[in-house]
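Each value in this text was obtained by applying a stated rule to the coordinates, not by laboratory testing. The structure displayed is predicted, hence computed values, not measured ones. As a convention, Cβ positions derive from the backbone with ideal geometry for all residues, glycine included, and neighbour counts pool all protein chains shown.
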Amino acid sequence: MKRLIVLSAVAVLGVLAVASVAIGKTAVVTFKAALNAAQVTPHPKGTKPGASGTFKATLTGTTLKWTLTYTNLTGPASAAHIHLGAKGKNGMALVALCSPCKSPMSGTANSVTDDEVALMMKGGAYVNVHTDKNPEGEIRGAITGH
């Protein structure tokens with residue numbers, strides 16, 4: 001009888017664990033970033049005073065719905081990406097947002113991986129907006145998640 005109770009308890013805990021993982025996959029996570037020229041490494045050339053932007057996103061499952069706004073760039077934004085990299089470090093592009101871009105702009109990135117989400121949650125990713133004058137990035141902002 002004790003063995004049956006223990007086995008039943010283990011089975012119930014297993015079902016609860018699977019259910020919590022499944023719920024976690026469909027939970028909505030929000031991300032944001034405040035972009036400016038001061039965060040770009042190396043510092044961009046000829047930036048205008050007040051060059052800045054915002055990035056807001058919502059992740060449901062593997063779909064990231066985002067909005068990007070910016071102002072006072074040296075010219076049109078040629079592209080924007082989510083990059084791998086902690087504050088002050090540059091990294092490769094992980095998720096393409098737009099190319100070319102306009103402000104404001106919204107879009108959807110599908111198939112965002114668990115690894116990419118983990119990086120965004122722990123400050124290991126940033127949004128970078130590129131221009132022709134600053135192809136490595138003119139404004140940048142570290143992503144935080146909730």
Odd one out for L73 among (1) under 23 Å from A37 (Cβ atoms); (2) among the aliphatic types (A, V, I, L, M); (3) part of a strand (DSSP E or B): (3)
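Quick grid of which residues meet (1) of a type in the set (D, E); (2) over 19 Å from T60 (Cα atoms):
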{"site": "G91", "(1), (2)": "no, yes"}
{"site": "L97", "(1), (2)": "no, no"}
{"site": "S103", "(1), (2)": "no, yes"}
{"site": "A109", "(1), (2)": "no, no"}
{"site": "V112", "(1), (2)": "no, no"}
{"site": "D115", "(1), (2)": "yes, no"}
{"site": "M121", "(1), (2)": "no, no"}
{"site": "G124", "(1), (2)": "no, yes"}
{"site": "T131", "(1), (2)": "no, yes"}
Which numbered condition G91 misses (of (1) in a loop (DSSP other than H, G, I, E, B); (2) touching a residue at least 60 places away in the same chain (Cβ under 8 Å); (3) in contact with a Gly (Cβ under 7 Å, 6 or more places away or on another chain)): (2)
Within the stretch 124-143, tally of residues that are in a strand (DSSP E or B) and either without any contact (Cβ under 8 Å) to a residue 60 or more places away in the chain or more than 13 Å from A38 (Cβ to Cβ) (or both): 6
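Matching residues to (1) in contact with a Phe, Trp or Tyr (Cβ under 9 Å, 6 or more places away or on another chain); (2) crowded, with 21+ Cβ neighbours inside 10 Å; (3) in contact (Cβ under 8 Å) with a residue 24 or more places away in the chain:
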{"site": "L73", "(1), (2), (3)": "no, yes, yes"}
{"site": "P76", "(1), (2), (3)": "no, no, yes"}
{"site": "M105", "(1), (2), (3)": "yes, no, yes"}
{"site": "M121", "(1), (2), (3)": "yes, no, yes"}
